[in-house]
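Since the structure comes first, as structure tokens, the remarks are kept for the end.
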Amino acid sequence: MTISEQTKIELRELMSRYPQSRSALLPMLHLVQSVEGYVSQEGIEVCAVEVGLSTAEVSAVASFYTMFKRYPVGKHHIGVCTNSMCALLGGDNIWRTLSKELDAGHDETTADSMFTLERIECQAACTHAPVMTVNWEFMDDMTEQKAAQVVSDLRAGKDLQATRGAKVRTFKDVQRTIAGFDDGLVDEPSIDASMLAGLNEFKNSTKGGK
Amino acid sequence: MTILANSNQPKSNDNDLITAVIDGIAVRVPKGTLAIRAAEMLGIEIPRFCDHPALSPVAACRMCLVEIEGMPKPQPSCAITLTEGMQVKTQNSSQVASSAQEGVMEFLLLNHPLDCPTCDKGGECPLQNQAMSNGRADSRFEGTKRNFQKAININAQVLLDRERCVSCARCTRFADEIAGDPSLELLERGAKQQVGVADDQPFESYYSGNTVQICPVGALTSAAYRFRARPFDLVSSESVCEHCASGCSLRTDSRRGKVLRRLAGDDSEVNEEWNCDKGRFAFRHLMQDRITTPLVREHGELRPASWPEAIRYAAEGLRNQRAAVLAGGRLTLEDAYAYSRFARVALGTNNVDFRNRTASSEEQDFLTNHVAGTGLGVTYQDLEDAQVVVVIGFEPEEESPIIMLRLRKAVRNKTLKVIAIDSANSLGFKKLNADLRLTKPGNESAAISELIKDLQDQNSIILVGERLASSHGAFSATVAVAEKVGARIGWVPRRAGERAAVDAGLLPNLLPAGRKVFEPRDREVVASAWGVSVEHIPTKPGLTQLEIISSAVQGEIDAIVTAGVDINDVANHAAFAAALNKTFVVSLENRASSVIEFADVVLPVGAITERAGTFVDWEGRLRTFDAVMQESLALTDARVLHLIAIELGHTFKDDAKVTSLRSSYSSLGAVSKPGTMNLVAASTTKTGLVLAGWHHLLDNGSLQAGEPHLAATARAVVAKVSSETAQANGLISGNRVIVRSKLGAITLPLEISEVAPETIWLPLNSEGSSVAMQLQIDIGAEVSVSDGGAI
Amino acid sequence: MTTPLVPNLTLHWDDADSHTLTGYQRHGGYSALKKAFTAGADGVIQIVKDSGLRGRGGAGFPTGMKWGFVPQNDGKPHYLVVNADESEPGACKDIPLMIANPHSLVEGVIISSFAIRANHAFIYIRGETPHPIRRVRAAVAAAYQAGLLGKNIQGSGFDLDVVVHSGAGAYICGEETALLDSLEGRRGQPRLKPPFPAVAGLYASPTVINNAETIASVPAIINNGADWYKSYGTEKSPGIKLFAVSGHVKRPGIYEAPLGITMRELITYAGGMKSDLPLKFWIPGGSSVPMLTADHLDIPLTYEDMAAAGTMLGTGTPMVFDTSTSVVKAVIRWIEFYKHESCGKCTPCREGTYWMVDILKRMEKGKAQLSDMDLLVDISAQISGRSFCALGDAAATPFPAALKYFKEEFEEVIKMAGAQA
Ligand SMILES: Cc1cc2nc3c(=O)[nH]c(=O)nc-3n(C[C@H](O)[C@H](O)[C@H](O)COP(=O)(O)O)c2cc1C
Ligand code: SF4
Ligand code: FES
């Protein structure tokens, strides 16, 4: 695969957002992932040329960050949080279930390239533990059954909604959002009971509400 | 006890001094001094790995932790600047510090392999040493150590053993900060962090060997030295690099008469502590193709001869002949001095020239009045202190790599601006962030004249290189501008011996120390230093190299003494060969050379490691050295010349020993002020396409012979033109281009680049691009080009 | 008397359009901005100083004082950088805030930039969270459209550009100087201090780095005044804060309350313990701070009281664990996290976490000895206070803290495994 002229224009657009173009490097590598499905050697070289760095300098950056992948990610990236809180609230079981279901270990991609499975670290969603992500969109308050259902729905090509986030698209699609390009999904409902827990308590206690 | 800071510290006046206390000892140091440096002044050695005085502090290894009163945590002394009254306690007086250091040591050894017995660094390894002095006797770690595939090449000559790396980032900081070649990087994160290069892209740097030297463990090793020796078997000698005019001090390590490796020596005034890969790795020439006995030609063949026979043979061939001396630019000051004297007194001629390269009478005039005998002139420190440095006909990285490092240091400190007048852009110019004024060869003097507005009211220096000799009027323009704005001029020749040759008077109009042949007073002074009567110094002006060659071809010269010249270095090498063919040739050499086949007598002299001497670097600084191989019986050029002179019936005041020649030379003193050069106007600019180029640092130079690892790191050999020139001449980027002179052609891949208009740039002596040999022209000459088709 | 909840930032999260400009302005959004322009830059700094607002990123540094460190009239550009990298285990307040109320952050950014004379601000959001990235981007775009960003904002003569930036998965980039390197497109490794960011931060220019919640708290302070803010909390810990209570409670979630509320009160608000099992231990603010037990439930959640109890308020996002929890497992996962996230720059953190995980894994597999506990304590001590940045200190925290209360449990795990073997 090659990085198209259009992508190069977008890379330059990212660079133009910053006072110093090198600052765009992380978003640029996200954009490369949105096109290639991973940070390819070509992607590294293109970024190096655009920003005016050596390939080694860009590799040094790319290899530092967990989100930048060396090998093509499946159509969907599935993350299961197994940090302490999620693990203790069921995350370990979810991990086992999915790993078995997908026949994939950590950072492995299924034979059909549909899924890449990853044990992920705390997602800043402990109030919603155990947490799973599909292409980084939150799938909160998971159970083994719900997790398995998510995977089979994805397999079946069914529409799926993140619990706090947009409807589920592909890994590449979401990488584009993360890189900094709008996807029109900003208004999808995403406030749930946990986020309102305190407000509801307050309203109950003051009895009137607003 | 109060210890005062030495001059190595940041500049300061008295009010900027502060007093701090280290292990109970008060120390007065300039503000901003790091605790670790102040401790060094007191002789307190704080262990460290990442710290390096020339690199920006990172405080990453945490080995140097000390206790500082009032601070809750131990602090890295390599990054703490002392303040008034600060109380520092090192491992010598603080339990906090010593236990912190022990802890860090234990961590460092955790994943370090136990391969000291087979590691090149074993015996001179800071980690090993510190493990012995501050480490635990046993390991509490029972797990598996980090595994990496064994040593990998980061370029052809440097290997990386990642298991041994302690992530001190010295090498990566060197690459980025000092060399400006940021292609060696820390990759990955956390425990997986490792030094590395990008896939398929080696660490491209002329300075890569320095990373081996500053690595505090055995993670970086050199391909050439790997597994060759143990440090304790080596004899180390201080020496000076013979490759270029930078004048690097070196440490040469040898074993049983054989050089095994060379390292950069530490000289804060010159190379600081760096050198280039050529200086470090190209030393096999010292041992290869050596001529071991004198040779004389008999029935057309060279045959071994005894020294007395050969000397006699040489003397007979030279006696009462119209003779000349061509002594190339690689001699020590003492040898050059001996040639200068030998020509005048023993051969009775001023026919002497060291310039086995493009040369001009304007250059000679410049050297005579602005260089010869002027002693220490513009220095490295001056470059660092200047506001503007202009480089003309001189690419610092390719032609004197330590100058590039020093300029870059000042550019990075944001105190210096570099202006370059040259035919093409280069990596070196880019690293210097140079304001490049692309100039077609021949048009330099116009570009130089325009410098006035840049240099007005600036502390400025102009560095001119050997290539300027090919541009008529350029030296004159430089001198005129410099006088107008009060700039100083530094002449940077490419070869290590050229400055000494000028100082020794290896020019037809010059005697040693800037004394002039046509000045009676100068002749007298020199004659008295030599211990000969003044009539022995000929007054008739001599011939330059070009003239010597053409005279010889015409039968007007009978005998030539050569030293360290390669006929293939000059465009008129065919005439040179014919000249040698026609004359009686005495060749003083240590290796087989292109001259040998024409020589009537070959007199072997010692390699640079086998004798003492002095190189004069571009600054005019004397770089004196002793023999590395003390037991060598090899003769110096001066000694051989002395024997011939005696045979010819001449004696001098001294015995031609290195030390005697040195003091004889210095008795002449230095020239106090520059002479007046005869300024010439530039000739009209050439129309049509002309040739430009320079020598790559790593190329086919004969002193780089037999170094495959080094050669593999040479830069790509390509021809370069601007896109306009390509278009105008039907050339296609990536295709081959054929460059033709009347006498030959060169075919190379073409690269579109920043090159002056109507100019094609070629490397002058690289594989497949030997301009003197193949095209037989100088830079500035007209050429024709055509597309040579796809590669 | 129980401490009442005080929804401030969270007050309108139940509006369907709480994240939009309309939704925000419906409740007076962006009115603080006008007041800020009237008060002037120094006036804003003074109000924030007077309010006693302390940084919500974990260290609790007084915000107004931090702003005061920025040199004035130095001719250099100034920058505001919002730290929304929220990656510490247990911390989960900034992400919901940005999802539900991104405009409070944007308004805070404008006011804060105005105060520190920055014409460029960056919001660094952790990369793994597309939804807050969407919402903050949209909020910034809406603000530009409404003339709240860009040139001459509302005729004030003040110009501001805001860039929403995505991280790429590295907890260390929450550390402020590592964040700056990351924002400059480099490996996110922490920088030496000094120079401090206030003097030489982003692009070597004066830079203020504040947590997202800190900045989002500013508009309300400007609107209601320093005295209003100070009327909540304690003298040393004034104001209101988002408490994100997670773990074994019936209703985990966001509870906005004055500082000084107790954990017992928060657990009560959260409906009590999940399965009515007793509490085993809790952590006030992220895995980097030492754990406490049921004995500490009535200590006010303030910076000073938590410090007195031997821990820290940290991010103020308490994790609650009941007696079903294996403290050994919790500790292992945290330390594995620190090993995974150690940036690699300094020896103690890089090698120390490697070693600790090695031992803990052995412990999990039943191959540890009792003496390994001492070794782990020793290793923790060898990291703590000697690493380059606070990540190392954080890594050295969980084991000794857990050992303080649950030594027997570790011993049991080791012995039981030994017996099985
Ligand atoms: C390893 C590490 C991670 C951190 N992560 C965050 C973070 O995600 N968000 C944050 O606001 N502060 C984080 N901090 C604290 C920041 O360094 C800094 O103190 C804070 O952003 C300052 O903002 P404040 O004064 O508003 O709290 C972290 C610190 C460390 C050492
Ligand atoms: S403590 Fe050291 S290795 Fe760990 S994150 Fe900080 S600098 Fe990096
Ligand atoms: S020498 Fe000071 S931290 Fe490495």
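Of note:
- Nearest-ten-degree value, helix B:520-530 long axis tilted from longest Cα axis of chain B: 60
- Going from the chain on its own to the full set of protein chains, region A:17-37 has these residues losing 10 Å² or more of accessible surface (heavy atoms, 1.4 Å probe, no ligands, DNA or RNA): A:Arg17, A:Tyr18, A:Pro19, A:Gln20, A:Arg22, A:Ser23, A:Leu26, A:Pro27, A:His30.
- In region C:118-140, the residues that give up 40 Å² or more of accessible area when the other protein chains are added, compared with the chain on its own (1.4 Å probe), are C:Arg126, C:Glu128, C:Pro130, C:His131, C:Arg134, C:Arg135, C:Arg137.
- Per-residue ellipticity at 222 nm computed for chain A from its helices equals -13000 deg cm²/dmol, with DSSP H segments shorter than 4 residues left out and the rest contributing -39,500 (n - 2.57).
- Applying Stokes-Einstein at 25 °C and 0.890 mPa s to the Kirkwood radius of region B:690-787, computed over alpha-carbon pairs, gives a translational diffusion coefficient of 181 µm² s⁻¹.
- Beta bridge orientation in region B:14-110: antiparallel %, DSSP, nearest 5: 85
- A 1.4 Å probe run over region C:290-330, with the rest of the protein chains in place, finds 29 Å² accessible per residue.
- 3J(HN,Hα) from dihedral phi, region B:63-77, Karplus parametrisation 6.51/-1.76/1.60, rounded to Hz, x for glycine, proline: 6, 9, 4, 10, 9, 10, 4, x, 10, x, 10, x, 10, x, 5
- For chain A, built as a Gaussian network whose Cα springs stay under 10 Å, the top-fluctuating residue of A:Ala60, A:Ala148, A:Ala24: A:Ala60
- C-alpha center-to-center spacing [region C:114-137, region B:143-171] in angstrom: 39
- Averaging the sequence gap over all C-alpha pairs within less than 8 Å and six or more residues apart, then dividing by the number of residues, gives region B:415-496 a relative contact order of 27 percent.
- Surface accessible to a 1.4 Å probe, per residue, for the residues of chain B, Å²: 37
- Buried on complex formation within region C:1-36 (loss of at least 40 square angstrom of accessible surface versus the isolated chain, 1.4 Å probe, ligands and nucleic acids ignored): C:Leu5, C:Pro7, C:Trp13, C:Asp14.
- DSSP bridge orientation in region B:510-633 - percent antiparallel, rounded to nearest 5: 35
- Share of pairwise Cα separations in region B:161-223, more than 18 Å, in percent: 27
- The relative contact order of chain C, computed from alpha carbon pairs under 8 Å that lie at least 6 residues apart in sequence, is 16 percent.
- Projection of the Cα convex hull of the protein assembly as shown, averaged over all directions and equal to a quarter of that hull's surface, yields 57.8 nm².
- Between the exposed loop cleavage positions of chain B, defined as chymotrypsin sites (Phe, Trp or Tyr not before Pro) in a non-H, G, I, E, B DSSP state with at most 14 neighbouring beta-carbon atoms within 10 angstrom, the longest gap is B:228-517.
- Crossing angle, helix B:307-318 versus chain B [Cα axis fit, 0-90 degrees, rounded to tens]: 50
- Two-site FRET efficiency, A:His106 against B:Ala728, from Cβ-Cβ distance with R₀ of 45 Å, rounded to 0.05: 0.15
- For chain B, the relative contact order comes to 13 percent (Cα pairs under 8 Å, sequence separation of at least 6).
- A Gaussian network model of chain A, with springs between Cα atoms under 10 Å, assigns the largest mean-square fluctuation among A:Val32, A:Val186, A:Val61 to A:Val186.
- Surface/4 of the Cα convex hull for region A:76-171, nm²: 5.1
- Cα centroid separation, region B:639-716 to region B:321-353 (Å): 12
- The trypsin sites (Lys or Arg not before Pro) of region B:370-419 meeting both criteria, a DSSP state outside H, G, I, E and B (loop) and at most 14 other C-beta atoms within 10 angstrom of the site's C-beta, are B:Lys414.
- Antiparallel DSSP beta bridges within chain B, as percent of all bridges there, nearest 5: 55
- Prolate is the label for region A:24-88, because the ratio a/c of its alpha-carbon gyration tensor axes (a ≥ b ≥ c) is 1.5 or higher and a/b is greater than b/c.
- Screening chain C for DSSP H helices whose Cα atoms reach 27 Å or more along their own axis and whose mean Kyte hydropathy is at least -1.0 gives C:398-420.
- Crossing angle, helix B:637-647 versus chain B [Cα axis fit, 0-90 degrees, rounded to tens]: 30
- Just checking the listed ones, C:Cys346, C:Cys92, C:Cys173: in the Gaussian network model of chain C with Cα springs under 10 Å, the one fluctuating most is C:Cys346.
- Convex hull volume per residue in cubic angstrom - Cα atoms of region B:203-249: 120
- For chain C, fraction of C-alpha pairs farther apart than 41 Å, in %: 16
- Å² per residue, accessible surface of region A:52-210 at 1.4 Å: 37
- Linear extension gain, B:Lys673 paired with B:Lys145, 0.36 nm per residue minus alpha-carbon span: 183.4 nm
- Fraction of accessible area attributable to carbon and sulfur, the protein assembly as shown (%, probe 1.4 Å): 51
- Between region C:167-191 and region B:187-253, the Cα center-to-center distance that results, in Å: 31
- Loop-located trypsin sites (Lys or Arg not before Pro) across region B:688-791 with a Cβ neighbour count of 15 or fewer within 10 Å are B:Lys742, with loop assigned by DSSP.
- Sum of side-chain charges, B:Ser683 neighbourhood, beta-carbon under 12 Å (Lys, Arg +1; Asp, Glu -1): -1
- Entry note, chain B: the mean residue ellipticity at 222 nm calculated from DSSP H runs of n ≥ 4, each adding -39500 (n - 2.57), is -6500 deg cm²/dmol after division by the residues and rounding to the nearest 500.
- Relative to the compact-globule estimate of 2.2 N^0.38 Å, the Cα radius of gyration of region B:266-382 comes out at 1.43.
- Within the shell of other residues whose beta carbon sits under 15 angstrom from the beta carbon of B:Thr624, the net charge comes to -4, with Lys and Arg scored +1 and Asp and Glu -1.
The values are calculated or read from the model by the stated rules, or taken from the named source; none is laboratory data. If you're wondering where the values come from, they're calculated on a predicted model, not measured in any experiment. Please note: Cβ atoms are built from the backbone with ideal geometry, for glycine as well, and neighbour counts cover all protein chains shown. With ligands, DNA and RNA removed, areas are computed over all heavy atoms of the protein, side chains included. Shrake-Rupley method; radii C 1.70, N 1.55, O 1.52, S 1.80 Å.
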